[in-house]
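The values are calculated or read from the model by the stated rules, or taken from the named source; none is laboratory data. This is a predicted model, so every value here is computed, not measured. All Cβ positions, even for glycine, are placed from backbone atoms using ideal geometry, and neighbour counts span all protein chains on display. Surface areas here come from the heavy atoms of the whole protein model, side chains and all, with no ligands, DNA or RNA. Shrake-Rupley method; radii C 1.70, N 1.55, O 1.52, S 1.80 Å.
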Amino acid sequence: VEGEQSDVVPITRALISVSDKTGIVDLCKFLASKNIELLSTGGTAKKLREEGGLVVKDVSEYTGAPECLDGRVKTLHPKVHGGLLGVRGNATHESQMKELGIEKIDLTILNLYPFEETVKSKDSTFEKCVENIDIGGPSMMRSTAKNHAFT
């Protein structure tokens, strides 16, 4: 898919969704100091607000859809993946994004659920292992990779 913009993409909005939150507050303080909007999910957003005093827009506020099914569905939404996949400078993409209220997401910060660690844990159960199969993280990673020239 062709677009007119490439190379250096100005970062105005970052999507942050991490399981391992080590260093995330400091990183997001830096981003906020550069006037980058922070868009995040439940536990990550809470940590950024409480420990970092940061202004964070919840993904559920952005999408208009609540996190649901015990947190299994947070980022699996057209506004998230459209924001990651929309080709900048592509008139059709930009028109559809505007029509659907999809905002560009320029940076993705994520890590995946610790599935391997969970499986190896002595107190792990089958149910706990199943809940540590990450769906949203790999989906966002793939959307970001597909549109790597713009995210």
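Number of residues in segment 88-113 that are of a type in the set (Lys, Arg) and either open to solvent by less than 40 Å² (accessible area, probe 1.4 Å) or at pLDDT below 85 (or both): the value is 1. The residues of segment 114-126 that are in contact (Cβ under 8 Å) with a residue 12 or more places away in the chain and open to solvent by 80 Å² or more (accessible area, probe 1.4 Å) amount to a single one, PHE115. When segment 59-78 is examined, which residues are found to be surrounded by 19 or more Cβ atoms within 10 Å (Cβ to Cβ) and outside any loop (DSSP other than H, G, I, E, B)? Scanning segment 59-78 gives VAL59, TYR62, THR63.
If you scan segment 33-47, which residues turn out to be among the small types (Gly, Ala, Ser) and open to solvent by 60 Å² or more (accessible area, probe 1.4 Å)? The one that is among the small types (Gly, Ala, Ser) and open to solvent by 60 Å² or more (accessible area, probe 1.4 Å): SER33.
Against the list (1) in a loop (DSSP other than H, G, I, E, B); (2) loosely packed, with under 15 Cβ neighbours inside 10 Å; (3) hydrophobic (A, V, I, L, M, F, W, C), the condition PHE30 fails is (1). Cβ separations smaller than 6 Å between residues 6+ apart or across chains give the following pairs from segment 132-151 residues that are under 22 Å from GLY89 (Cα atoms) and at pLDDT below 85 to residues that are open to solvent by 30 Å² or more (accessible area, probe 1.4 Å) and in a loop (DSSP other than H, G, I, E, B): ALA149/SER6; PHE150/VAL9.
Whenever a residue of segment 85-107 is closer than 16 Å to ILE36 by Cβ, its partners that are aliphatic (A, V, I, L, M) and open to solvent by 50 Å² or more (accessible area, probe 1.4 Å), lying with C-beta atoms within less than 9 angstrom and at least six residues away or across chains, give the pairs ASP106/ILE11; LEU107/ILE11. For segment 135-150, which residues satisfy the criterion of being out of contact with any strand residue (DSSP E or B) (no Cβ under 6 Å at 6 or more places or on another chain) and either open to solvent by 30 Å² or more (accessible area, probe 1.4 Å) or hydroxyl-bearing (Ser, Thr, Tyr) (or both)? Within segment 135-150, ILE135, PRO138, SER139, MET141, ARG142, SER143, ALA145, LYS146, HIS148, ALA149 qualify. Just one of the numbered conditions (1) open to solvent by less than 40 Å² (accessible area, probe 1.4 Å); (2) closer than 15 Å to ILE105 by Cα; (3) out of contact with any Asp or Glu (no Cβ under 7 Å at 6 or more places or on another chain); (4) touching a residue at least 40 places away in the same chain (Cβ under 8 Å) is not true of VAL9: (3). Can we say GLU50 is part of a helix (DSSP H, G or I) and open to solvent by 30 Å² or more (accessible area, probe 1.4 Å)? So GLU50 fits the description; yes. Report whether or not ASP20 is surrounded by 17 or more Cβ atoms within 10 Å (Cβ to Cβ), of a type in the set (D, E, K, R), at pLDDT 85 or above and closer than 30 Å to GLU127 by Cα. When the stated conditions are applied, ASP20 does not pass them.
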